[in-house]
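The structure under discussion appears below in the form of structure tokens.
The values are calculated or read from the model by the stated rules, or taken from the named source; none is laboratory data. Keep in mind it's a predicted model, so treat the numbers as computed, not measured. All Cβ positions, even for glycine, are placed from backbone atoms using ideal geometry, and neighbour counts span all protein chains on display. Heavy atoms of the whole protein, side chains included, go into the accessibility calculation; ligands, DNA and RNA do not. Shrake-Rupley method; radii C 1.70, N 1.55, O 1.52, S 1.80 Å.
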Amino acid sequence: MARARSSAIALFCGCLLLSAGALLPACEQQGGTTADRDEETTGGEDEGRGDRADRGDIEAPPGSREPEGDDEDDLEGGADETPPTSGGTAQTGTPASQQESPWGRPEVESGEPLPPRRPVSGSAQAAYRRGIESGQRGDTEGSRRAFEEALRSDPNAFRAAYNLGVLADRAGNADGALNYYRQALRIQPDYERAAEGIVTIYVRRGQAADAVAFMEPLARRWVRNLHIQALYGEALIHANRPEEAIQAARTALRRDERFVPAMLVLVKANLRRNRTELAQSILDQAVTIDPNHAEVQFLRGRMLQEQNQLGQALQAYRRAVELRPDYADARMALALQLLAGANYPEAVQQFEAVARLVADVPEVHLGLGNAYRATKQWEKSKNELDRVVATSPRSPEAHYGLALLYLEAGADMPGSDLLTSLQRSQQEFRAYRDLMGPRLAREDPSTAYLEEITRQIEREQRRIERDAARRQREAERAARQAAEGGGTTEGGGTE
């Protein structure tokens, strides 16, 4: 069945944006950078806003990077004196007067000053911290209650609103998540994490135009927020407007030419324009600036995979997941690579992790169903694939996966026998072909599968008929023997 598995993988290798936001721990995230400033800082232009070191935060989907100077460091006893650059490299040993602001040089300063990040009251901070600790223990309900308490204690606790959105999104309640993200933005109008959560949901729903319409006024207003500019560029890429995405990225890079998120927008935009060499060159620069940036490693993996350097691609995906255990895109790519490489048990683990992060993405459950099938967990595989069919009934890949499942499981399929499984496999392959329509390739493997299944069904039907005939003969023989034996007793018996 190796051909079956490889065919399913080939059907499934699509690109996903699975980010659903990251729960904000008291101090958080990305390796290779210094800590933030205190919560009480005003968030002025000289406050660094790059990525932070991972300090054991709970898992969450990719893409959210809390800006420097925008964290709960007062809960941890203070922050470093020197802000890092937004490219992720701390400026140390340089007098403050000679340090270049991560928010841009004075001669290019323009736009509305960024609003200060609202401080949170002590009681709300205590509840917020309990929410983070509960989340780290896997106590989702306790985490939710604590964040709600923080928000009741202080209506300005925008991070609590954001985290409630993350929890709602992970639970599959995207509409509830949108409401919480919008609430966080009403409190803190330039809060890039909440904006990213909204963009992510729009993109997952196939509403890239809505993502652009949402981000455009934010990008115009908060010109000095480099993360907002990069996020606007991401939305434009998903709307297939790469030229405009490049302009958005340049808006950020004019202020900080080493700002990695904007560089990655350029990479993706140029890939959309089929300018692979230019994209590779920009990515190489980003690697030099911040090799510990998770998305840098993820994009390295994608480009290495395109070049058929699968071993190196796998290493890059692993590194991205190490840097951010909450990075669903990287976990998804890693899981698909593991599945293609027949490392089925680890593929299952990675798909399960992605499914915990994003509950409402059919492609995740399709991958998990395929991985369960590869490890002969037939019932689990069926449950996942049936879930995809229920939410995406016109998904040819889901029907293909079910067809392979019934074919491989055969008589071992719970509640089924071999003939029933073969017939179900035949039905699912036909459904797959109908849904593919004119997209079906002439050499599509389903053709060979259907021919083989037809032969197997005929053989199994003949076997069943032979067995039925044999049982009938045996029954008739037993009846004759019983009749003959009974006649002798009646005729020859004595009283």
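Within the range 343-368, the residues that satisfy the criterion of being touching a residue at least 24 places away in the same chain (Cβ under 8 Å) and either outside any helix (DSSP H, G or I) or out of contact with any helix residue (DSSP H, G or I) (no Cβ under 8 Å at 6 or more places or on another chain) (or both) are Pro345, Val358, Ala359, Asp360, Val361. The single condition from (1) open to solvent by 20 Å² or more (accessible area, probe 1.4 Å); (2) within 22 Å of Glu234 (Cβ to Cβ); (3) in contact (Cβ under 8 Å) with a residue 12 or more places away in the chain; (4) not in a helix (DSSP H, G or I) that Arg118 fails is (2). Mind checking which residues of the range 353-379 are basic (Lys, Arg) and either over 12 Å from the mean Cα position of the chain (by Cα) or under 20 Å from Pro396 (Cα atoms) (or both)? Within the range 353-379, Arg373, Lys376 qualify.
For the range 431-448, name all the residues that are closer than 22 Å to Ala374 by Cα and either in contact with a Lys or Arg (Cβ under 9 Å, 6 or more places away or on another chain) or open to solvent by 50 Å² or more (accessible area, probe 1.4 Å) (or both).
Hits for the range 431-448 are Asp444, Pro445, Ser446, Thr447, Ala448.
Across the range 178-206, what is the number of residues that are part of a helix (DSSP H, G or I) and open to solvent by less than 40 Å² (accessible area, probe 1.4 Å)? Counting residues in the range 178-206 that are part of a helix (DSSP H, G or I) and open to solvent by less than 40 Å² (accessible area, probe 1.4 Å) gives 17.
Selection within the range 354-395: residues that are touching a Pro at 6+ places or on another chain (Cβ under 8 Å) and open to solvent by less than 10 Å² (accessible area, probe 1.4 Å). The member of this set that is nearest to Ala411 (Cα to Cα) is Val388. Within the range 147-157, identify whether any single residue is open to solvent by 10 Å² or more (accessible area, probe 1.4 Å), part of a helix (DSSP H, G or I), of a type in the set (Phe, Trp, Tyr) and at pLDDT 95 or above, and answer yes or no. Scanning the range 147-157 turns up no residue that is open to solvent by 10 Å² or more (accessible area, probe 1.4 Å), part of a helix (DSSP H, G or I), of a type in the set (Phe, Trp, Tyr) and at pLDDT 95 or above.
Is one or more of the residues making up the range 284-292 closer than 26 Å to Ile201 by Cα and either open to solvent by 50 Å² or more (accessible area, probe 1.4 Å) or in contact (Cβ under 8 Å) with a residue 12 or more places away in the chain (or both)? The answer is no; no qualifying residue exists.
Scan the range 377-393 and tell me whether some residue there is among the polar types (S, T, N, Q) and modelled with pLDDT under 95. Yes, the range 377-393 has at least one match.
As a summary of the residue check, Ala262 satisfies the conditions (1) under 24 Å from Asn225 (Cα atoms); (2) surrounded by fewer than 24 Cβ atoms within 10 Å (Cβ to Cβ) except for the one numbered (2).
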